[in-house]
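Here, each number is a calculation from the coordinates, and none is a lab measurement. Source: prediction; values computed, not measured. Please note: Cβ atoms are built from the backbone with ideal geometry, for glycine as well, and neighbour counts cover all protein chains shown.
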Amino acid sequence: MATISAALSVSILPSLARRAVSTATSSPPRFKRAARFRCCAEPPSPEQKETSAPPPPPPAPPSSLWGVSTSAWTAGVAGLGLLETGYLSYLKLTGSEAFCPVAGGGCGDVLDSDYSVVFGIPLPLVGMVTYGMVTALSLQENGDELLPGLDDLDIRLTLLLLATSLATASAYFLFILNTKFVGTSCLYCLSSAFISFTLFFIRLKDIGLARIQKFVGLQLAVAVIVALALTNSYSSATTQLKGTGDFVLEPYKTEVTSESTPFAISLARHLHSIGAKMYGAFWCTHCNDQKQLFGREAMEILDYVECFPNGAGKGKKMAEECVTTGLEGFPTWVINGKLLSGDQELSVLAEESGFVSESPEQS
């Protein structure tokens, strides 16, 4: 259609022009009408375009935080994350022992667990790549031409989604740390979470609350995808004893040699009736002490859960029931939903379970 219209305009315009010239003195209105028709057939001049098109809006000023641009803040914070995950990746790939600056910390427990790998890839390596992307994009946003072909909006949106994924993953791992590694402190985990949340809030500041509403749905989708992927990856993950990676301890049965008192037998029946359980390990001396305190007859009544039925050490995992219970040590009693760690006196167990003895004898 555009070609036909152009051909018609070329054939018609000369005849119209000759007619306009021949009748210019006698019929001015006709000349004006022909000129108007010709102007519609020809493309508008550059001057007409400039006068008709509105000027483009000025670019949005760069966001800043305490006098420093958010892109510079992002590059600096992501650089810290890159250094941390680079160090942890080196430890993971070389099998080196992590330096834990907090006395009694469990950095190695976490770094050597099943939760330090995602779909067969070391988790610190995934974090290092992500922090590296954030650093490169933020430097690009700050004016460095590192990644050609990306405009300002693409960079800002990508940074927002990367920060969202990092914050989601950090929240997920904080949950794992507090449920699967109870009583364990991991400075690297906490610092990584701080870096991720800081990046997330910096990018929120960069986008602004007025514009962030347009991307909330996309952020939620990214967060759900990250959470589901991690859950699927860790569906069969379990914790393992620290320091048992170089040997295997085969399970054995400890013999209870003491005789049960009437009070211990009555208490054991009561604990069994309310669904109380004792969680222990065959190698745990405190667990053996607790069994001897109850005695042979009472232990046959109690609900005892062995947390290492297949042995301990290299390749041996804790029983799933013990993992999901969130044990802090052995033995652990679960009475009416409450966890009691360590071996307990029979009087304490009676009080916690609401047991009232008809016999005055207690141990």
(message) Can you compute the label reach from residue 201? Point 7 Å from Cα along the Cβ direction, backbone N cut-off under 18 Å, restricted to the stretch 61-98.
(response) 64-81
(request) At 7 Å along the Cα-to-beta-carbon direction for both residue 157 and residue 212, put a label point, then send me their distance in nm to one decimal. (result) 1.8 nm
(message) List the pairs from 253/338; 180/214; 291/338 whose alpha-carbon separation is above 30 Å, in the order I gave them.
(response) 180/214
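Within the stretch 250-334, list the chymotrypsin sites (Phe, Trp or Tyr not before Pro) lying in a DSSP loop whose Cβ has at most 11 other Cβ atoms in a 10 Å radius. Numbers along the way, then the final one.
Details: sites: 252, 263, 279, 282, 283, 294, 304, 333; in loops: 252, 282, 283.
Sites meeting the loop and neighbour criteria: 252.
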(message) Per 0.36 nm of contour for each residue apart, how much would the distance between residue 339 and residue 297 grow if the chain were fully extended, relative to their Cα-Cα spacing?
(response) 12.7 nm
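Counting only C-alpha contacts under 8 Å and six or more residues apart, can you give the relative contact order of the stretch 264-303 as a whole percent? If you can, show how the numbers build up before the last one.
Numbers: 30 pairs, mean separation 26.1, N = 40.
The value is 65 percent.
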(request) Starting from the Cα-Cα distance between residue 320 and residue 129, subtract it from 0.36 nm times their residue separation and give me the gain in nm to one decimal. (result) 65.5 nm
